[in-house]
1. Taking 0.36 nm per residue of separation and subtracting the Cα-Cα distance, what length does fully extending A5 through D49 add?
2. Using +1 on the beta carbon of Lys and Arg, -1 on that of Asp and Glu, and nothing else charged, what's the dipole of the range 3-102 about the Cα centre, debye to 20?
3. Could you give the angle, 0 to 90 degrees to the nearest 10, between helix 3-13's Cα long axis and the longest principal axis of the Cα atoms of the chain?
4. Using just the C-alpha positions of the range 52-95 as equal point scatterers, what log10 of I(q)/I(0) does the Debye formula give at each q in 0.16, 0.25, 0.29 1/Å?
5. Quick query: amide H of R63 versus all other amide H atoms, modeled in the peptide plane; which residues come in under 5 Å with a sequence gap of 5 or more or a different chain?
6. Can you give me the long-range amide H partners of G31? Hydrogens built in the peptide plane at 1.01 Å from N, cutoff under 5 Å, separation of 5 or more residues or another chain.
7. What area, in nm² and to one decimal, does the C-alpha convex hull of the range 3-102 cast on average over all directions?
8. Using the Karplus curve 6.51 cos²θ - 1.76 cosθ + 1.60 with θ = phi - 60°, what ³J(HN,Hα) values do you get for each residue of the range 25-40, in whole Hz, with x for Gly and Pro?
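What follows draws every value from the coordinates through simple rules; no lab data is involved. Computed from a predicted structure; not experimentally measured. We place every Cβ from the backbone using ideal geometry, glycine too, and count neighbours over all the protein chains shown.
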Amino acid sequence: MDVFAVATDALFADPNIAGDAIWRAGGIGAGTAVRIVTRRPDQVAGFSDSRAVLPTMLIEVRRSEVAEPASGDTVEIDGETFEVIAAPTVDSLRLVWACEVAPPI
């Protein structure tokens, strides 16, 4: 294991940064326990001469825990279920997936 993988594992183990969740491929089944990092950046969208600030939520999960996340997968965090709504992207070191999710309805 290289130094970047060790550092990533340390970040995901830190309770101040990451938390526990249940990942369900396709949104069904018992799921798999994973550690995740959540981010909630605002996204700015332009409409003609106007701008709108839209809230978004990203969930980061290690590739070692979820090999191939996909749109339609769900993540349960503290009893709330979020759905992956876009194609996940992987970081440049191929250690962490970033998944855009929709909040529960």
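1. 11.4 nm
2. Numbers: 8 positive and 15 negative charges, 41 e Å.
The calculated dipole for the range 3-102 is roughly 200 debye.
3. Relative to the chain, helix 3-13 is tipped by roughly 70 degrees.
4. Values returned for q = 0.16, 0.25, 0.29 Å⁻¹ are -0.50, -1.04, -1.21.
5. When sequence neighbours closer than 5 places are left aside, the close amide H contacts are V96, W97.
6. HN-HN under 5 Å from G31: empty list.
7. So the Cα hull casts an average projection of 7.4 nm².
8. Each residue of the range 25-40 in turn: 5, x, x, 10, x, 6, x, 10, 6, 9, 9, 10, 10, 9, 9, 10 Hz.
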